[in-house]
Amino acid sequence: MKNYIILFCLALFFGCEKIPSGVVENTESSFQVLDVSAPIGFSYSSADSSFMVALRLSSGSDVQSLWADLYSPDNKQLNNSPITLSDNGLAANGDSQKGDNVFSGRISFSRNYSNGRYRIDYFVLTRDGISRKVAESSLTYDNKQTDYPPVLSNLVMPDSVNAADMFIFTVRVSDPNGLSDIKRVSFKFIRKEDNSVSGSADMWDDGNLQFHGDSVANDGIYSFKNSFTAETAGKTREFIFQAADKSDSLSNILTHNIYVK
């Protein structure tokens, strides 16, 4: 269902004491953003995978162009080119009346996009060549696909290490809904002498070899760089690994023991 929210500012030009929700900049210029119209929720349909967004300005005379950018739940820009918003009265981009200072456009969602919260940023380029972000909105997306839990495999971890030596361990994660559906891969480790939890942390797939031990970003192999204190020598630590997706479905569990020499 395409549920829409329209955000209103009742004050007139240069008299808007309260900036409407969703408007990030309303400086004194030749126009102001009065309304942001965008869905708060959107579900994929093979018959219609797009929805309309619109900005209503106090004046469009100084606007050279207006566009939007779409960002995923993990803050990655999804559109390769600007999503144009126009005040041309063409139904193709959702604009109902030319010259009414309502700039409209359509945004398409792929079924391959993961479920979650998406953000839309709106920008204006004025005729003096100045561009700036003027508003934003967000929506919750349902891709109508069955949610499958992630799967952990290929744990690479030594059986023993020297105390104070740095070492790296990795695990592979896969997900039938795509790697973009992965929320986190984490582990906890247990003191085998008393079976108490000693600590926990998230693993990394960011390509930061120096700090996280990960060699390639976004390849589904999550890494962690670790060392033990000298006081751990002669003891065993059990590591327990699990992943979660963006719907909080949990993966299988992998475990591994390390003896600290």
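Can you give the calculated 222 nm mean residue ellipticity of the chain, where each DSSP H run of n ≥ 4 adds -39,500 (n - 2.57) and the sum is split over every residue, rounded to the nearest 500 deg cm²/dmol? Intermediate results must be reported in sequence, preceding the final value.
Working: 1 runs with 4 residues, N = 261.
Mean residue ellipticity, 222 nm, calculated: 0 deg cm²/dmol.
Express the accessible area of the stretch 128-261 per residue in Å², computed with a 1.4 Å probe while the remaining protein chains stay in the model.
That works out to 52 Å² per residue.
Between residue 236 and residue 117, take the C-beta separation as r, use R0 = 35 Å, and let me know the FRET efficiency to the nearest 0.05.
Computed FRET efficiency for residue 236 and residue 117 comes out at 0.25.
Modelled label-to-label distance, residue 165 and residue 257, 7 Å Cα→beta-carbon offset: nm?
In this crude spin-label approximation the distance works out to 1.9 nm.
Need the full-extension length gain, residue 219 to residue 110, defined as separation in residues times 0.36 nm minus the C-alpha distance. One decimal, nm.
That works out to 37.1 nm of additional length.
Nearest 0.05, what FRET efficiency do residue 184 and residue 62 give at R0 = 35 Å with Cβ-Cβ as r?
Between residue 184 and residue 62 the formula returns 0.15.
In nm, what is the difference between 0.36 nm times the number of residues separating residue 193 and residue 247 and their Cα-Cα distance?
So the extension gain works out to 15.9 nm.
Over 26 Å between C-alpha atoms is what I'm after, so list which of 183/225; 76/98; 76/188; 144/188; 133/183 land there.
Numbers: 183/225 20 Å; 76/98 33 Å; 76/188 29 Å; 144/188 33 Å; 133/183 28 Å.
Cα-Cα > 26 Å for 76/98; 76/188; 144/188; 133/183; rest within.
Using a 10 angstrom cutoff on alpha carbons, build the Gaussian network for the chain and name the most mobile of 138, 198, 45.
So, out of 138, 198, 45, the one fluctuating most is 198.
Straight-line reach from residue 246: which aspartates and glutamates fall under 12 Å, measuring Cα to Cα and dropping same-chain residues less than 8 apart?
Cα-Cα hits under 12 Å: 74, 142, 147, 175, 181.
Express the relative contact order of the chain as a whole percentage, based on alpha carbon pairs under 8 Å and six or more residues apart in sequence.
15 percent
Taking the Cα centre of each part, how many Å lie between the stretch 191-261 and the stretch 69-93?
39 Å
Around residue 41, which amide H atoms from residues at least 5 apart in sequence, or from another chain, sit under 5 Å from its own amide H, with H modelled in the peptide plane?
3, 140
What residue among 41, 199, 178 has the largest mean-square fluctuation in a Gaussian network model of the chain, using Cα springs under 10 Å?
199
Stretched out fully, how many nm does the piece from residue 81 to residue 127 gain, at 0.36 nm a residue minus the Cα gap?
Result for the pair: 14.5 nm of gain on full extension.
Would you mind getting the accessible area per residue of the stretch 40-119, heavy atoms of the protein chains only, 1.4 Å probe, in Å²?
Ligands and nucleic acids excluded, the result is 49 Å² per residue.
Taking mean projected area of the Cα convex hull in nm² as the quantity of interest, determine which of (i) 16.3; (ii) 17.4; (iii) 18.2 was computed from the displayed structure.
(iii)
Given labels modelled 7 Å from the Cα in the Cβ direction, how far is it in nm from residue 140 to residue 101?
3.4 nm
On the accessible surface of the chain, probed at 1.4 Å, how many percent belong to carbon and sulfur atoms?
Ligands and nucleic acids excluded, carbon and sulfur reach 50 percent.
Within the stretch 189-261, which GluC sites (Glu not before Pro) sit in a loop by DSSP and count at most 12 neighbouring Cβ atoms inside 10 Å?
Those satisfying the criteria are 193.
The values are calculated or read from the model by the stated rules, or taken from the named source; none is laboratory data. Since the model is a prediction, treat every value here as computed from it, not as a measurement. Virtual Cβ from ideal backbone geometry, glycine too; neighbours counted across all protein chains shown. Areas reflect the complete protein model, heavy atoms only, side chains present, ligands, DNA and RNA absent. Shrake-Rupley method; radii C 1.70, N 1.55, O 1.52, S 1.80 Å.
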